[in-house]
Amino acid sequence: MSHKILIPETVAGEGLDFLRQKGYEVKMGRGRDKHVLIEDLRDCDAVIIRVAVIDEEVFSGCPGLKVVAKHGVGVDSIDTQAARRHGCRVVYAPLANTLSVAEQTIALIFACAKKLPLKMREYARGNYTIKDTALSTEVSGKTLGLIGAGRIAREVAHIARNGLGMRVLACDPFLPDGFASDVLELASRETVLRQADFLSIHIPATDDTTKSFGEKEFALMKPAACFINTARGKIVDEDALVRALRDGVIGGAGLDVSDPEPAPPESPLFSLDNVVMSPHCAGVTREAMVRMVMDAAMGIDEVFSGREPTYPVV
């Protein structure tokens with residue numbers, strides 16, 4: 001009997017074709033609402049998720065679930081301890097969206113530096129003089145600070161250093177001994193915060209990092225510095241971020257993530273002229289969508305074929 005794979009969220013068709021060609025039954029789900037997800041999963045052996053939450057309730061309600069494949073790199077929506085308790089493998093796609101997220105990070109840096117959303121809105125209202133009253137800044141030669149120096153951060157550093165002539169400082173306590181790079185300099189967290197003209201977050205969301213970036217950190221930054229987050233919204237104390245932006249503690253923010261997510265229409269971030277926001281789409285490019293679903297599908301096939309997955313989490 002072939003294994004049945006649930007697809008509750010939109011993914012690229014290449015991954016579904018791969019699974020069908022391997023002999024798996026593909027079941028299209030009805031969405032990521034938890035109760036609906038549990039109902040859809042009860043007769044399935046595996047699932048590919050994008051942002052759906054897979055927690056103890058889901059594992060308990062779906063005892064036949066053998067593999068959870070994350071369509072991407074962040075696994076904070078999966079209770080990995082519960083997966084271990086229930087004997088379920090978790091695989092992911094850690095390399096698939098690296099370039100896409102790095103490019104979005106650079107795009108947000110430029111959007112903040114050039115004040116593009118503000119200028120577009122004002123120009124549309126007939127305010128042509130905005131070009132003189134809201135002066136932008138150049139990116140070349142400025143200092144980029146990175147909190148975290150993993151794959152995505154290092155790709156950002158490569159573009160910033162080699163493409164834009166920026167100085168790149170990074171802090172990451174989890175780097176291996178002897179780590180060296182020709183595109184970034186390692187520095188203390190405080191040094192990175194104080195010297196960065198643009199500060200970009202590249203750490204996972206964990207119990208230790210939740211709301212780990214707040215009032216204290218913003219106070220250390222330059223008044224004109226821009227804060228960039230393409231990681232996870234809950235890493236940041238959003239109330240503190242709003243105050244820092246309103247009070248001129250920092251110059252601006254470019255955000256692809258929020259807390260909660262999606263951000264409610266009444267979020268004060270939408271009303272601030274010094275904020276650029278996108279709907280958690282940094283990794284959602286045509287190319288990355290194919291790579292992510294293919295890595296997730298191949299991880300499922302590796303598990304059911306009795307092979308150790310290339311990209312295991314659990």
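The values are calculated or read from the model by the stated rules, or taken from the named source; none is laboratory data. Please read all numbers here as calculations on a predicted model, not as lab measurements. Cβ atoms come from the backbone with ideal geometry, glycine included; neighbour counts cover every protein chain shown.
The table below lists the values:
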item	result
Among (1) over 18 Å from Leu99 (Cα atoms); (2) out of contact with any strand residue (DSSP E or B) (no Cβ under 7 Å at 6 or more places or on another chain); (3) buried (at least 16 other Cβ atoms within 10 Å of the Cβ) - the single one Ile159 does not satisfy	(1)
Residue within the range 236-244 that is in contact with a Cys (Cβ under 7 Å, 6 or more places away or on another chain) and crowded, with 22+ Cβ neighbours inside 10 Å present	no
Elements of type strands (runs of 3 or more DSSP E) in the range 186-297, at least 3 residues being aliphatic (A, V, I, L, M), farther than 30 Å from Leu19 by Cα and touching a residue at least 12 places away in the same chain (Cβ under 8 Å)	275-277
Total residues in the range 1-15, condition surrounded by 15 or more Cβ atoms within 10 Å (Cβ to Cβ) and either over 24 Å from the mean Cα position of the chain (by Cα) or in a strand (DSSP E or B) (or both)	5
Members of the range 268-290 found to be over 19 Å from Ile109 (Cβ atoms) and more than 18 Å from the chain's Cα centre (by Cα), listed by number	Pro268, Phe270, Ser271
Matching residues in the range 137-153 - criterion: being under 20 Å from the mean Cα position of the chain (by Cα) and surrounded by fewer than 21 Cβ atoms within 10 Å (Cβ to Cβ)	Gly150, Arg151
Residue within the range 130-141 that is in contact with a helix residue (DSSP H, G or I) (Cβ under 8 Å, 6 or more places away or on another chain), at pLDDT below 95 and not hydroxyl-bearing (Ser, Thr, Tyr) present	no
Check on Phe59, surrounded by fewer than 20 Cβ atoms within 10 Å (Cβ to Cβ), of a type in the set (Phe, Trp, Tyr) and touching a residue at least 24 places away in the same chain (Cβ under 8 Å)	no
Criterion (of a type outside the set (Val, Ile, Thr), touching a strand residue (DSSP E or B) at 6+ places or on another chain (Cβ under 8 Å) and in a helix (DSSP H, G or I)) met by exactly one of Ala111, Ala170	Ala111
Strands (runs of 3 or more DSSP E) lying entirely in the range 43-92 (those with 3 or more residues that are among the aliphatic types (A, V, I, L, M) and closer than 22 Å to Met28 by Cβ)	46-49, 67-70
Residues of the range 191-202 satisfying the condition of being of a type outside the set (D, E, K, R) and buried (at least 21 other Cβ atoms within 10 Å of the Cβ)	Val192, Leu193, Ala196, Phe198, Leu199, Ser200, Ile201, His202
Qualifying residues in the range 16-40 (those that are within 28 Å of the chain's Cα centre (by Cα), in contact (Cβ under 8 Å) with a residue 24 or more places away in the chain and under 21 Å from Asp295 (Cα atoms)) - the one surrounded by the most Cβ atoms within 10 Å (Cβ to Cβ)	Leu19
Val75 being in contact (Cβ under 8 Å) with a residue 60 or more places away in the chain, β-branched (Val, Ile, Thr), in contact with a Ser or Thr (Cβ under 9 Å, 6 or more places away or on another chain) and crowded, with 18+ Cβ neighbours inside 10 Å	no
